[in-house]
Amino acid sequence: MRAMILPEAGRRLELVERPDPQPGPGQAVLRVLACGVCRTDLHVVDGELPNPRLPLVPGHEIVGVVDRLGEGVTRLQAGQRVGVGWLWRACHVCPYCRSGRENLCDRPEFTGYTRDGGFASHVLVDADYAYPLDAAAEPAAEAPLLCAGLIGWRSLVMAGEGGTLGIYGFGAAGHIISQVARWQGRRVFAFTRPGDAAGQAFARSLGADWAGGSDQAPPELLDAAIIYAPVGELVPAALRAVKKGGRVVCAGIHMSDIPSFPYAWLWEERQILSVANLTRADAHAFLELAPEAGVATHVTTYPLEQANEALDDLRAGRLEGAAVLLP
Ligand SMILES: [Zn+2]
Ligand SMILES: [Zn+2]
């Protein structure tokens, strides 16, 4: 197999050839068709998340075809199109797993972090965490659904049922979740980097009622806001944009420090929440709903060998939508 590996945090990825993985009991090997590049990959590569497996194959928005099955796998068939996301496997025995909250598992394994991921021609997965996908769809278009979509969906559910929704950071997750929110009948207010006219036009083209810079106030107070950008300053900004009782959902795995702010901005039952990981139930629910909602992803594709360029473009904010690698 071919893979782009991270030798250690802070270094460039390198192309290597290595023997194909062998599936153990309950596992499968996928031939990768496409793998999205998520902001979390950047945090891993840049050393902002502790203790990654090293050397590591990043990537956790995997669209693949089942190539080989390990013993005892009945849920999947050879040749089937499946997707794999960030949660490689949960432990099934800790109190969180036993109470239906495997996203908070005490001993989780994560794709492209503690396990090798999808910046490769092949990847080893746990069959229970591989989700059936539409084999007729374009693989590159499906890839961003596997993390930006799934964790975006969990954050939208946590934002509550309110009719007006702010989205801070209109990248891969923002552009998917705004389409879902519009389909649900909500009004979307998109906040981009200040002065990003192209990003604001992109948000409006996807149905946002209003788009502006994150330094601007929305034209009306909102029921909830989701922050996808890893910028702590956005937390007080979003609190000031929501109504009494409004929610601010922090959807990233990593964020710069949140500056202090007056208690009055939180007062009146405003809430700040974070979203961690996902459950298999989130994955099945969202992957069923996305085609129904007519979610159309905007992607820029790169050959696998150009993973470093894709990461650079994401880091610099040069992308509209999501970056996807094709092995
Ligand atoms: Zn667990
Ligand atoms: Zn991700």
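The values are calculated or read from the model by the stated rules, or taken from the named source; none is laboratory data. Note that the coordinates shown come from a computational prediction; the quantities given were computed from them, not determined experimentally. Using ideal geometry, Cβ is built from the backbone for each residue, glycine included, and neighbour counts are taken over all protein chains shown.
A few notes on this one:
- Only helices (runs of 4 or more DSSP H) whose full extent lies in the stretch 74-182 are considered here, and the ones with at least 1 residues that are within 16 Å of ligand 1 (Cβ to nearest atom) are 95-98.
- Any chance G72 is loosely packed, with under 13 Cβ neighbours inside 10 Å and farther than 20 Å from V299 by Cβ: yes
- Scanning the stretch 256-283 for residues that are surrounded by 12 or more Cβ atoms within 10 Å (Cβ to Cβ) and either modelled with pLDDT under 95 or in a loop (DSSP other than H, G, I, E, B) (or both) turns up S256, I258, F261, L266, R270, V275, A276, N277, L278, T279.
- Residues that are in contact with a helix residue (DSSP H, G or I) (Cβ under 6 Å, 6 or more places away or on another chain) and within 27 Å of A9 (Cβ to Cβ) within the stretch 54-82 comprise P58, E61, V63, listed in sequence order.
- Test: W183 is farther than 21 Å from R39 by Cβ, surrounded by fewer than 19 Cβ atoms within 10 Å (Cβ to Cβ) and free of Cβ contacts under 8 Å to residues at least 24 places away in the same chain: no
- Residue match in the stretch 258-279 (condition: over 30 Å from P132 (Cα atoms) and hydroxyl-bearing (S, T, Y)): yes
- Among all residues of the stretch 202-223, there is none that is within 19 Å of the chain's Cα centre (by Cα), in a strand (DSSP E or B) and either without any contact (Cβ under 8 Å) to a residue 12 or more places away in the chain or within 21 Å of M158 (Cα to Cα) (or both).
- Pairs with Cβ under 6 Å, 6+ apart, first in the stretch 102-116 and outside the structural domain of H43 (by TED's automatic domain parsing), second more than 10 Å from ligand 1 (Cβ to nearest atom) and at pLDDT 95 or above: none
- The stretch 303-320, residues that are in contact with a Leu (Cβ under 9 Å, 6 or more places away or on another chain) and in contact (Cβ under 8 Å) with a residue 40 or more places away in the chain: L304, E305, A307, N308, A310, L311, L314, R315
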